[in-house]
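The values are calculated or read from the model by the stated rules, or taken from the named source; none is laboratory data. Everything numeric in this text was worked out from a predicted model, so none of it was measured. Cβ placement follows ideal geometry from the backbone for every residue including glycine, while neighbour counts extend to all protein chains displayed. Quick note on the areas: whole protein, heavy atoms, side chains included, nothing else; ligands and nucleic acids left out. Shrake-Rupley method; radii C 1.70, N 1.55, O 1.52, S 1.80 Å.
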Amino acid sequence: MKFVGMTALAKVAAVLGCFAAVPAMAQNKVQIRLGHVLAESHSWNVAAKGFAEDVAKATEGRVTIQVFPSGQLGTEKDVVEGLQIGTMQGGVIGSGSFQPIEPRMGIVELPYAWPTREKAFAAFDGEMGTELAKLLAAKNIVVLSWWENGYRHITTKKAPVNKPEDLKGVKIRVTPDKVRLDTFRALGAEPAPLAFGELYSALQQGVFDAQENPLSIIDSSSFADVQKYAALTGHVWGAACLVVSKRIWDQVGPADKDAVLAAAAKWRDEQRKMVTASDQQLVEKLTAKGMTVNKVDPTPFIAAVQPVWKSQEAVYGPALMALLDKYRK
C-alpha cells in the first residue's frame, strides 16, 4: 500500500480507514420481512415477535425482523414461491405447504403418523428434520427451526363426526396438498382446497360444511361462530417451519447467523410449550362459545387411511420412510 504525496497525519488516517472498512462491511444491516397466515393472537405470531426482539438485541440491531400476520404478505403458496426466488424474505409456514415445490415434504402430513407430539419433536429436532431441511435448502429455503402447528381436528356445521362414515359426502375444506386431499377422500368426504384467508367466509356462506385445523386455529380464527361441532380426531400432527430465503440468509454475517439460530431454537421451544399448554383450555373455551366437542375412537380412522400410506411410499423413498419409522415407534 503506497501513500505518495500524503502528509504523515493523512497517511495514518488512510491506514486506519482501511482497517475500519473491514468491520463496517461485516456489519451490514439486514432487514427481514417475515410473514404468516395466522391471527395476531396465535402462538406463531407471539413466538415470531419474541424471536424478532431477541434477534435485534443479540445482533445489536444488525439483523431486524418485521412480522406480518394474517396473510398480509400473501398466502402460504405466495410466500413459499417468493422464498425460492428471494422476493420473500422469511415466514412461518405449515410444513405441508412445501409439497408443491418438494413432494417429499408430504411425509410430515401422513395421517396418524405421530402417536405423541414428543416423538415428533425428537424426529424434527433430529435426523429427520436435518434431511427435510436439506430438501428445502435445494430450493433456496433455509430452515431456522421446526415449530408446531399441532394436532388437527374436524369441525362441522350440520352434524357431529364420531366415525369415518359420518364424513360420507361432507364437503370439507382442506389445505391444498395431495396427502391431505387423499386422506379425506379415503375417509369418504368430499375435500377441496381453499386459501386459509378465504375460509371463514366460505364456512359462513355454506360453501363448505366442514374444515380441519388445530384447536388453536379453530379458536383464533373464530370458527366457533360458523361451525357447531368439533370432533377431536387428531388425524394429523403438523410441523411448521421458521424459514428465510437463502438470498437474505447469505447477507447475514457468521456471528449474527449464530445469534439468529440460537433465538430460533429458543422460540421453537417456547412456541411448542404454548401449543401444549393451550389444548385442554381451548376445548373448554370452544365449549363455552357454544361448540359441541367430542372425542373419537381413532381405530377406524387409522384403518381407513392406510391406502394413503401405501400410495406415498414410492414418493418419499425408503430412506425417509425408515427415518419416520425410527422416530414414531
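The residues neighbouring residue 211, those whose beta-carbon lies less than 11 Å from its own, together hold a net charge of +2 under the Lys/Arg +1, Asp/Glu -1 convention.
Set against the labelled values (1) 44, 21, 17; (2) 37, 26, 17; (3) 44, 27, 16, semi-axes √(5λ) of the Cα gyration tensor in Å computed from this structure falls on (1).
Heavy atoms only, probe 1.4 Å: what % of the accessible area of the chain goes to carbon and sulfur, would you let me know? The partial results should precede the final answer.
Values: 8480 of 14930 Å².
Carbon and sulfur atoms account for 57 percent of the accessible area of the chain.
Mean-square fluctuations from a GNM of the chain, with a 10 angstrom spring cutoff on Cα atoms, peak among 37, 293, 179 at 293.
For region 41-94, the solvent-accessible area works out to 41 Å² per residue, with a probe of 1.4 Å and every protein chain left in place. Between the helical axis of 127-137 and the longest alpha-carbon principal axis of the chain there is an angle of about 70 degrees.
Computed with a 1.4 Å probe over protein heavy atoms only, the accessible area of residue 124 comes to about 10 Å². How big, in percent, is the set of alpha carbon pairs in region 54-198 lying more than 28 Å apart? Value for region 54-198 (Cα pairs over 28 Å): 28 percent.
If you run the Gaussian network model on the chain, springs between alpha carbon atoms under 10 Å, then out of 317, 74, 150 the most flexible one is 317. From most to least packed by mean Cβ count within 10 Å, the peptides 77-88, 254-265 give 77-88, 254-265.
Computed from the Cα positions only, the extents of region 32-100 along the three principal axes stand at 37, 28, 18 Å, in decreasing order.
Shape call for region 232-273 from the C-alpha gyration tensor, a ≥ b ≥ c root eigenvalues: rounded (a/c under 1.5), prolate (a/b greater than b/c) or oblate? Numbers along the way, then the final one.
Numbers: a/c = 6.41, a/b = 2.10, b/c = 3.06.
Since a/c reaches 1.5 but b/c is at least a/b, the shape of region 232-273 is classed as oblate.
Pairs of alpha carbons in region 121-178 separated by more than 12 Å make up 77% of all such pairs.
What share of the DSSP beta bridges in the chain is antiparallel, in percent to the nearest 5? If I count the DSSP bridges inside the chain, around 55 percent turn out antiparallel. Angle between the Cα long axis of helix 43-58 and the longest principal axis of the chain, 0 to 90 degrees, nearest 10? With rounding to tens, the tilt is 10 degrees. Note on surface exposure: 276, 299 rank 299, 276 by accessible area, highest first, 1.4 Å probe.
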